[in-house]
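The values are calculated or read from the model by the stated rules, or taken from the named source; none is laboratory data. Computed from a predicted model, the values in this text were never measured in an experiment. Cβ atoms come from the backbone with ideal geometry, glycine included; neighbour counts cover every protein chain shown.
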Amino acid sequence: MAVKVIIPTPLRAYAGKQESVEVQAATVGEALSGLTSKFGDLKKHLFTEEGKLRSFVNVYVNDEDIRYLQKDQTQVREGDTISIVPSIAGGISAK
Amino acid sequence: MATKTGVPTAAPAKAASLSNEEVLRYSRHLIMPEVGMEGQLKLKQAKVLCIGAGGLGAPLGLYLAAAGVGRIGLVDFDAVDFTNLQRQVLFGTSDVGQPKISAAADRLRNLNPEIQIDTFETHLTSENALDILKDYDIVVDGTDNFPTRYLVNDACVLLGKPNVYGSIFRFEGQITIFGYPDGPCYRCLYPEPPPPGLVPSCAEGGVLGVLPGIVGTIQACETLKLIIGKGQPLIGRLLLFDALAMKFRELKLRKNPECPVCGEHRTITKLIDYAEFCGVRGEEAPTTVTNIPEITPRELKTRLDRGDDLFILDVREPHEYQICNLNGHLIPLGELSRRVHELDSSREIVAHCRSGKRSAEAVDFLRKAGFRKIWNLKGGILAWSDDVDPKVPKY
C-alpha cells in the first residue's frame, strides 16, 4: 500500500529536505522502517537504541495517535497519511 | 465539549459594569451577540497570565489587552535585543536594552489604560510558579524552552488551570489547550522532552518572523473563547500549522491514562527540578567535547597575516555563509562525515562556525578520524567580529 509520511520541519534535514515521503507499507512499523532505510540519519531521531519510538515523537495515522491504536502494528490503507509530530519548544534561540 | 467552555473560576459577570468610555472602546464586541455585554463583562473580570513576552507573547498580549481582558499578568526576564524586533511586535527600536516586561507593560497600558497589567520580572521556577499562577484563570504558554513548558504544564495540572499552548519552529506551529480535567495535558502528548543532543541544532533554528504572530494570535483567540464560553475550544485537538505550505491540520489528542501528572496513578504530585528532567545540565555535553585544541581569533589573524598556510574550514550552513564568512571552505557539520575526503590532513586546519560549538564537534570528529593539525576557532565568527574585524556582522 502506498502511504504518505509527512516529515516535520525539524526532521526534514535528515530526510533529504522533503516535506513528505511516499512509502509502501501495510503497517505503521513497516512504513517507518521503510522511511529510515531510505534516510538512515532519521533513525536515531525517531527511535531509541532499543528500537522504541522516542517519547518526544508521536506518530499519527490520519488524525489518530498510534499509541491509542495498535502502535507500530497499526494497519495502514492505500492513501493514508502518516504524520510524525515531534515536540517543539520555540526554536527562536540561535546559539 | 460545550460544557467545558468558559472559565471555571471566573466570578459572575453581573458584578462588573462598563463605563461609557469602555462601551465605546469595545463597541465592535458589544454589537455582536457572541460577545455582547455579557461576554465583555466576562472579559473584564478575566485574569490571564502570559508566560513569556516574546514572539508568542507579543500578539497575545496585544490582542488580550485590546479585547479588554481585565487583568493580564506577564512573566519574562529578558531584555529587548535587536534580534527580537524581527518578530516581537510589542517592542520598538527604542526599547532595545530595556527589560521586556516594562516595555511590554508600557505598550499594553498605552493600548488599553482600562485594564490592569501585572508584571513578574523573573524566571518562572518550581519555587515561584504555583504562587504566580494561582491568581489567574487561564495560563498562556508562550515560552521557548522545554523545561519551562513542562513546568507550566505541571503547575497548571496541579492548580487545575487551563493552559493555552503554542509552540513554533522555523515555519511550523503547534497549538492546543491543555489542563482541562477531562482533556489531555502536555505530558499526555509528550511524556518526556528530547535529550538536548537530539534537539535540532542551532544551524537549523531560526523562525519566520510572522509565524509566532499567527500562532500567538490563535492562542489569543482560544483564550478569549474560553473566557466568553463560546465556540469549540481547541481541547483534545492539536492544531498544526505550516506557514510555507499555508496549511492547517488537526490531530486528535487523548488523555493518557498512564500520564505521570494527570493520569490515574500519578507519580508527580508536586513541581520537580525541570532543568534536570530535561537534561539541561547535560546540554553542553555534546559541545563541551573536551581537549579540543583551540586558536583565538587574534592568534589566527596573526598567523594569517604572517602568511602561514592555514586551511579555514567553515562548518556552518550555506545560508549562514551568505551572511558573512572568513573565505573558508564550506562543509556543513552534518555533511562532514561524507565529505571528509575534501580535507587534507597534512595541512593545518582551523575549523569555525558561528559561536564555536559546532566547530568543536567538527574538530572532535576529525581528530578521531586521524587529523592532528587541527584547531577550533574559539568563539567562532562572533569572536572574530569582536576581536579582529568588526566589519563582519554578527547574527
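Considering the stretch A:1-61, there are no qualifying helices (runs of 4 or more DSSP H) wholly inside with 2 or more residues that are within 11 Å of another protein chain (Cβ to nearest Cβ) and hydroxyl-bearing (Ser, Thr, Tyr).
Return yes when B:Leu208 is more than 10 Å from chain A (Cβ to nearest Cβ), modelled with pLDDT of 90 or more and over 24 Å from B:Met246 (Cα atoms) and no when it is not. Considered against the rule, which asks whether it is more than 10 Å from chain A (Cβ to nearest Cβ), modelled with pLDDT of 90 or more and over 24 Å from B:Met246 (Cα atoms), B:Leu208 comes out as no.
Are any of the residues in the stretch A:69-88 outside any helix (DSSP H, G or I), at positive phi and of a type outside the set (A, V, I, L, M, F, W, C)? Among the residues of the stretch A:69-88, at least one is outside any helix (DSSP H, G or I), at positive phi and of a type outside the set (A, V, I, L, M, F, W, C), which makes the answer yes. Considering the stretch B:240-271, and only residues there that are closer than 27 Å to B:Ile132 by Cβ and among the hydrophobic types (A, V, I, L, M, F, W, C), the residue that is farthest from the other protein chains (Cβ to nearest Cβ) turns out to be B:Leu271. Pairs meeting the criteria (first residue in the stretch B:320-331 and farther than 12 Å from B:Leu310 by Cα, second residue in a helix (DSSP H, G or I) and of a type in the set (S, T, N, Q), beta carbons under 9 Å, at least 6 apart or on different chains) are B:Cys324/B:Ser385. Taking every residue in the stretch B:170-194 that is over 15 Å from B:Ile268 (Cα atoms) and pairing it with any residue that is in a helix (DSSP H, G or I) and of a type in the set (Asp, Glu), at least 6 positions away or on another chain, the pairs with Cβ-Cβ distances below 7 Å are B:Ile177/B:Glu222. Looking across the stretch B:134-169, the residues that are within 14 Å of another protein chain (Cβ to nearest Cβ) and within 19 Å of B:Leu251 (Cβ to Cβ) come down to B:Asp141, B:Arg149, B:Asn153, B:Tyr165, B:Gly166, B:Ser167, B:Ile168, B:Phe169. Looking across the stretch B:332-355, the residues that are within 23 Å of B:Asp308 (Cβ to Cβ) and either part of a loop (DSSP other than H, G, I, E, B) or not assigned by TED's automatic domain parsing to the domain that holds B:Phe371 (or both) come down to B:Leu343, B:Asp344, B:Ser345, B:Ser346, B:Arg347, B:Cys353. Across the stretch B:105-139, the number of residues qualifying as within 17 Å of B:Lys47 (Cβ to Cβ) and part of a helix (DSSP H, G or I) comes to 8. Of all residues in the stretch A:55-84 being out of contact with any Lys or Arg (no Cβ under 9 Å at 6 or more places or on another chain) and of a type in the set (Lys, Arg), which is nearest to A:Met1 (Cα to Cα)? Filtering the stretch A:55-84 for residues that are out of contact with any Lys or Arg (no Cβ under 9 Å at 6 or more places or on another chain) and of a type in the set (Lys, Arg), the one nearest to A:Met1 (Cα to Cα) comes out as A:Arg77.
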